[in-house]
Each structure stands twice: as C-alpha cells, then as structure tokens.
1. For Ala275, state whether it is in contact with a helix residue (DSSP H, G or I) (Cβ under 8 Å, 6 or more places away or on another chain) and either within 16 Å of Cys396 (Cβ to Cβ) or open to solvent by 10 Å² or more (accessible area, probe 1.4 Å) (or both).
2. Quick check on Pro151: is it in a loop (DSSP other than H, G, I, E, B), surrounded by fewer than 16 Cβ atoms within 10 Å (Cβ to Cβ) and on the phi < 0 side of the Ramachandran plot?
3. For the range 169-182, give me each residue that is assigned to a helix (DSSP H, G or I) and either touching a strand residue (DSSP E or B) at 6+ places or on another chain (Cβ under 7 Å) or free of Cβ contacts under 8 Å to residues at least 12 places away in the same chain (or both).
4. Of all residues in the range 377-428, which are more than 17 Å from Trp312 (Cβ to Cβ) and among the acidic types (Asp, Glu)?
5. Got a sec? Which of Val205, Val218 is outside any loop (DSSP other than H, G, I, E, B), within 29 Å of Ser326 (Cβ to Cβ) and of a type in the set (Val, Ile, Thr)?
6. Yes or no: Ala362 closer than 25 Å to Val298 by Cα and either open to solvent by 10 Å² or more (accessible area, probe 1.4 Å) or over 17 Å from the mean Cα position of the chain (by Cα) (or both)?
7. Just the residues that are modelled with pLDDT under 95 and crowded, with 17+ Cβ neighbours inside 10 Å, please, taken from the range 114-128.
8. Among what's in the range 129-148 and is within 26 Å of Ala80 (Cα to Cα) and small (Gly, Ala, Ser), pick the residue that is most open to solvent (accessible area, probe 1.4 Å).
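The values are calculated or read from the model by the stated rules, or taken from the named source; none is laboratory data. Everything quoted here is computed from the prediction, not taken from an experiment. Don't worry about glycine lacking a Cβ; one is built from the backbone with ideal geometry, like all the others, and counts go over all protein chains shown. Note: areas computed on protein heavy atoms with side chains; ligands, DNA, RNA excluded. Shrake-Rupley method; radii C 1.70, N 1.55, O 1.52, S 1.80 Å.
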Amino acid sequence: MTGLGVVTPVGADERTFWAGLCAGRSAARHRPELAGMPVDFACAVEGPAPEPGAAPGPDPRPAGGPYDGAPAWAGLDVDAAVGGRSVWRMARFVKLALIAARQAVADAGLDPSAWEAGRVGVVLGVGVGGVAALCDNTLRLRDRGPEAVSPLLVPMMIPNAAAGEVAIALRAQGPSLAPATACASGATAISLARDLLIGGECDIVVAGGTESVLTPLVMAAFARMGALSARTGDPARASRPFAPDRDGFVLGEGAAMVVLEREPDARARGRAPRALLSGVGASTDAYHPTAPEPHGRVAQAAVEAALRQAGWSPYDVGHVNAHGTSTPLNDAMEAALIERVFPHRPPVTAAKGVLGHTLAAAGAIEAVATVLTLERGVVPPIANLDASAVEFDLDCVTKEPRRERVETAISHSFGFGGHNVALVFRKA
C-alpha cells in the first residue's frame, strides 16, 4: 500500500482525518434538511449550521493533541475540490471518491499521464449509489411529467459511476470493478485489488469505497428498520460502539481510496510502502438479510482465512480495528468473535463512534485508519465509551489515544446480507 486518500466528516485529508479520530469526538450534528424525520442527524462531510434557536453543540473542531496537530475543520467545498467542467454530471458519492482517489495517487508519487495502458485498475465499492438524484427525479416525474426527468439520471444513479469516473480522471484503462457488499464494500474492493495484482492483471490498483446517501428517504428507511440510534436530542453521543446502552448507528458519508502495488514494483520505482496488506478473508453468513449470525462463527471464518493467508497465528495480531456499528446485535457478535479468536486481548478501536456509519466507505476508511495506527504507534479512542462500561472482555481504547507499538493489525467489515471481510496489515 503506497498511497492513502480520505474524505470524512472530521477531515478531508489524511492529517485532519487522523486528528479527528484521535480527538475521539463524534462528528454527528443535526441537519436542517432532515428536520422532522424519525432521526434527523447525521455525520456529514460538510458540517451544516445548527438549527435556528438550537443550543450550540460540542465544538466540531478536533481537540488539540500531541499526535498530528489539529487544524480547525472548516468544511469542504466538494464541487470546488473536484473542479473541471464534468462536475455537473457527477453525483455526490462520485465526487467524494474522486477527491480521495486523487489524494491517494499523489501520496503514492504516481503520475497518471505516465501509466502503461491497461495496467492500472480501479476497484471502488458502493452500496447504494446516487439516491438523491433518484429521489429528485422521482418528484420531477410526479409533478411535471417525463420530460422533466434529467437525461443524466442513469449515469448519476448507477453505483458503478464512481469507478468509471475515477478511471476516466486517472486514465486507468485496466479492469474497473464496483463491488457492492453493503457495509463491507470498501474492504471487498481492497481485497479484489489484491487479487488483480497477484493474478498479474494489473501493476497498480486504486481501490476503496464511497457513499453519500444522507436523504430523507434513506434516513427514514434505516429508522423504520430500527437500525438508527434514537438519541436525536444528543446526536454527538448517539454512536457508541460496544457501550451497554448502544441503540443503533448514526448515518455518515465519506470516501477512502488506497493505492496498491506489488512490493518489489514499488521499491523498484523508489517508493517505500506505507503498509503491507498481508492477507484477506471473506465469508457469508447465509443467515438473515440484515441481522448477523448471532455467534459470529461465519464471520470468524473470514478472520481466520485472512490470518492463514498471511501465515499468522491469532497471537501475532497486535491491534483490532473493529466494525463496531453501535447496534446491539452487531457489537455483541463482533465482541464474542474477538474474545474467542484473540484471547491475548489486543487493543480495540472502532471509528464509527466518531464518523458515524459511512456504509460502503466504512471498510476503506477503517483500513486507512489501521495503516495510520501502524505507522504512528497510536490507537485512536472509541467515542462515547467509558472503559468501566464495556460489557465485553475487550481491551477497548477509550477517552484518549493510546500510544502502542503495533506491528500488525486486522480490520473487520461486516455488511447487510451477511457479507464478512477481514484485512490484515503489517507495518512496512
């Protein structure tokens, strides 16, 4: 892994993202455009102003600390960051992916104009696609008839638009894939990228995940199925992975992309890897459309497959970046899995307490966070969790970042439909 790019509610670059994670404060805020919905808050890349008359919430800027600085988070002008005349044809999830992809390629020291034709691939996980464009055009059709529907609806709506637009922008003419494994999509993309490199189909792959579905329809749908937290009065404390009083997740948006190369190729061009992706594993619960298999035995198979591929024993793992959605069922399943597989109790973190659940982007964002932990020897804390309140036998990092010499780590991703993916990383 030679390049990283990330766009999240706490920062639209690696530095501010890391500072936000280490601050351990939730980015959840009320969003005026969702007022009146069953759950009217979300973690967004652009922090909206508070509702008129509302009491001021916690300071959205990351707290200062010794780990990587903490510049003020002033939001991101997404269209300006994308730039160019083609921005009008892109849905928001595509724009976020493109920003992150450009960051990752620049971080890897690569020049797309010099790439060998057909040897660079793009794998970009998306769970839903351009739902905002779909909703808008549905209303146009209802109110004004077929002629009011945009001719751009299909290219803005389809989930593979992100992979296609990133490939166009980067002149990447190798395989372009768009895996949809729900909340595991970003991790699935990184896994598939590794396969393209090992199989010799590509020399470079830009991979990750993106999602932006903060619309009344999607918020209402998740609320109706009981997946969202009901703490609407205190959104910054709503997402609380592994806490005994957790009651659901907070919906977020974002994107993360990484550049993967074969290690000898990277070193031959004078680029040291930022981390090594040592193994991947995947499984499917085959149990329920949304609920995880309660005991986590099938998810455990994905973890064990990743460890086997890396040639590791469970005791070789020095850190777990948990999926940690803050839902009762997922966290209980994942905690039981970690207790069984890693009895030596490596430190555990879960980024969704800070970022909310970014769905298809989550696995890629958390992979980036895992790599930064390996590089910097710091495990970010889980937001809204007290160590004394953890009901599971886990060494959860709480309150403050923990300095920890970490050489190896694993990142878990679990998606609706029973999709399980594990990625294991080694410090370069």
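1. The answer is no for Ala275.
2. Against the criterion (in a loop (DSSP other than H, G, I, E, B), surrounded by fewer than 16 Cβ atoms within 10 Å (Cβ to Cβ) and on the phi < 0 side of the Ramachandran plot), Pro151 qualifies.
3. Within the range 169-182, Leu170, Ala182 qualify.
4. Asp386, Glu391, Asp393, Asp395, Glu400, Glu404
5. Val218
6. Criteria not met by Ala362.
7. Trp115
8. The qualifying residue most open to solvent (accessible area, probe 1.4 Å) is Ala132.
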